[in-house]
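Working notes for the structure below.
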Amino acid sequence: MTEPPLTTVEGVRANQRRSTRNSSLANNTDMDRLQAMLTFVTVVETEGFASAARKLAVSPSVISRVVTELEELLGVRLLTRTTRFMRLTEAGAAYFEDCRRILGEIEAAELSAAGERTTPRGQLTITAPVLFGKMFITAVVLDYLKHYPEVNVNCWFLDRIVNLVDEGADVAIRIGELPSSSLQAVRVGNVRRVMCAAPSYIEQHGMPKSPEALARHTTILASSVSPSPEWRFNDAGRQFAVQTLPRLITTTNDSAIVAAIAGLGITNLMSYQIAPEMEEGLLTIVLAEYEPSALPVHVVHREGKHVNQKVRAFLDLVIDKLRAEPSLRQ
C-alpha cells in the first residue's frame, strides 16, 4: 500500500526524501511545489547544495535536480553557481523572500490550528558563550521552564559560533558585529574588551602606562577570548596590536580570572566576564584609555514574521533580562 503524502510543513520535511525522488515539478502538485520551495529556501539558508542535502537527508543530486526543475518551471535563473561559489540572482532573492513568507504562513496556520501559538511546547535549543550562559542565560532558562512545563530546553554553552541552520539551534547569543545573513537579530547591549589585573599585582609591578609597556609585564592569555597573543588597542581612533608573551595560556575564561585574582599577571577579557570581580575589588582595569571599541551583544534567531510560540516566549524573557543587565550597558 502506498503511503499517502504528508500535508503539514513538518510533513513536507519528512516527506522530502521519499517524494522528491519519485516526483517531478512538471506534475505541478501542491506538495511538489511546497517541497521545491522548502528545498530552495534550505539551499540559500545553508549556503550550499551539500549542506542542504545533509539537512533534508537527501543526496546533493536530488537537491540540484529540484532547484533546476524549479528554475525551468519559473523560467528564470534563481542561483548563479560555479564550483567555487553560489549566490542569489535578483529574481532568486525576491523568490527566496516570498518562499520564506509562504512557508512561514503555512507553519503559523498549522501551529494556530494545533493550539501551539498559545501554549509553548516541544524542544527549544539555545546557544551562548560558556561564561555568558553561566552568568545570564541559565537563570532565564530556569524561569522559562518554570512557566512553560511542556517545553524541554537544550543549552549549548560553547565558545564558538554555532550555525543555527545547520546545527538546528533556535536562539543564539552573539557577541561582536554580525555578518549579513537571513537570521533575525535583536540588539540587547554592549560589552568592552578590557585588560585587568589584581590590585596586588599592580602594587607589586606598577601600572603599565601604555600598551607597549606590557612587554615588561606578566600576561595571561584566555584563548577563547584572544586566540592570538596579539592584543588589540585603540588610540584616538588609531587601531594597532601589541604582541604579548603570556606566562599562562588557558582555554577557559574562568581559569584566566582565577589566575588574575591570584596576582599572576594581566589578562584580556570581556567586561561582563569580570563584572562581579570588579564590584568586589578583586580586579582592576588596566589601560582603559586604549580599549578597542565596544562590541554589540545580539539575541539571534532564525524565525521570521510568524515566530512559533516556544521561541517567542523565550525571546521575550531573555531580551528583557539582558537589556536590564547593568554589565551589558557599558
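Laboratory data are not the source of any read-out in this text; all were calculated from the coordinates shown. Quick caveat, the model's predicted, so the values are computed rather than measured. Heads up, the Cβs are rebuilt from the backbone with ideal geometry, glycines too, and the neighbour counts pull from every protein chain shown.
Things to note:
- Residues whose amide H lies under 5 Å from that of Leu283, counting only those 5 or more places away or on a different chain, are Met278; hydrogens are built 1.01 Å from N in the peptide plane.
- Taking the fewest neighbouring Cβ atoms within 10 Å as the starting point, the ordered list for Cys155, Cys99, Cys196 is Cys155, Cys99, Cys196.
- Beta bridges by DSSP in the chain, antiparallel share as percent, to the nearest 5: 65
- Options [x] 26, 45, 25, 4, 0; [y] 31, 62, 7, 0; [z] 32, 58, 10 - which one matches P(r) over Cα pairs in 20 Å bins from 0, in percent as calculated here: [x]
- Pairs exceeding a 21 Å alpha-carbon distance, out of Lys146/Lys310; Lys55/Lys146; Lys55/Lys321: Lys55/Lys146; Lys55/Lys321.
- Electrostatic dipole magnitude of the chain [Cβ: Lys, Arg +1; Asp, Glu -1; Cα centre; debye, to 20]: 440
- Amide H contacts of Leu124 (H built 1.01 Å from N, under 5 Å, at least 5 apart or other chain): Asn152, Val153, Asn154
- Residues Glu107, Glu303, sorted so that the one with the fewest Cβ neighbours within 10 Å comes first: Glu303, Glu107
- With semi-axes defined as the square roots of five times the eigenvalues of the C-alpha gyration tensor, the equivalent ellipsoid of the range 200-330 measures 33, 17, 14 Å, largest first.
- Between helix 138-147 and the chain there is an angle of about 40 degrees, using the helix long axis and the longest principal axis of the Cα atoms.
- Neighbour counts of C-beta atoms inside 10 Å place Leu142, Leu78 in the sequence Leu142, Leu78, starting with the fewest.
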